[in-house]
Amino acid sequence: MANKRRRISVQVAPPGYDVLLADVARVIEEARHVAARSVNAIMTASYWLIGRRIVEEDQAGSARARYGEALIERLSSDLARRFGRGFSVRNLRQMRAFYVAWPNRQTLSAGSEPAVPTKALAPIRQTPSAESGPSPSFPLPWSHYARLLQVENPLARVFYEAEALRSGWSFRQLARQINSQFYERTALSRDKASMLTKGALAYPEDHVTPEDEIKDPYILEFLNLKDEYSENDIEEALIRHLETFLLELGSDFTFVGRQRRLRVGDAWYRVDLLFFHRRLRCLIVIDLKLGEFTHADAGQMHLYLNYAREHWTMPDENPPVGLILCAKKDHAVAKYALEGLRNKVLAAEYRSALPRERVLVEEIERTRRQIEGRRMARSR
């Protein structure tokens, strides 16, 4: 056909194509860096403002410590329902600690003088108005501040913050310097200038690509975006493995349901796993968490057991027992909830028939390592 379009071969690049490709790639990489930094700046400022509101509300409450924890637990539950991931009790505590550690906005600049750990820096600070002032601005990403919060010495924290800003440390570089006690080593050194110069040098593994920045778990969590293998996926994989593991222990465990729904008042809940133990003749209610064990977890399990006792337990069955599994990375916890049993003899019988908590902890930790190992292998 005369009007047939000519197809340009992609095998032979036209003159100057390499320059064009390099320019376009640079534009995209820079744009991705800027996008990630913009989100990070907004996220960090938002978390500071959330921390401030929690502190203000905490100070207004009575029985302060108890009030503060109850406030955070309630707020976490409500925010998680409305905005998804990113507002766990642990994260909200971190936001509160962030505001307490940085009560005023930072105005350090990249051209700041190098800090020396023999005395604290005195960065210029501006206090935002309580209501309508400008949004707080912080020069480092949220991941940096989250790591800095783990530094207990305030002088060391200020030093690491200033050096991270001055030298443009990535999160990996900051974490490495903190872990190697760079602050203490510099304080003891006779040639501090040389130490600071060496500390500014990045290792090849410190490099962060635009993709790494965009896929930062903190950013994905803040935007409620799902990574290709999110924490929800890890939780689902752990639940499925735990189900198989319990069934393989013997004939005592009978599977009843997964993600079993229950309603208390106007609130809906889900029980991760529900088993029936044939020898004990009781339901086993299992709740899995990916964070650390909290009093809220125990309270929620108590609610589940009361519901199960009233609505799911047959007249000839024994009271249900709860199992709380907290699969925090590198530190799992397993706790049985036996408070609803009639006497200590029955409680002892339950404990002798159920798997040891230590066995469950070891299985969870082993399984999580396998899951995350596969995740890392896929991302390479």
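Derivation of every value follows stated rules applied to the coordinates shown; laboratory data play no part. Fair warning: this is a prediction, and the values are worked out from it, not measured in the lab. All Cβ positions, even for glycine, are placed from backbone atoms using ideal geometry, and neighbour counts span all protein chains on display.
With r as the distance between the Cβ atoms of A25 and S189 and R0 = 41 Å, compute the FRET efficiency 1/(1 + (r/R0)^6) and round to 0.05.
So, using R0 = 41 Å, E works out to roughly 0.50.
Give the share of C-alpha pairs in each 5 angstrom bin for the range 231-379, from 0 to the last occupied bin, in whole percents, shortest bins first.
Per 5 Å bin, starting at zero, the Cα-Cα P(r) for the range 231-379 comes out as 2, 9, 19, 22, 21, 14, 7, 3, 1, 0, 0 percent.
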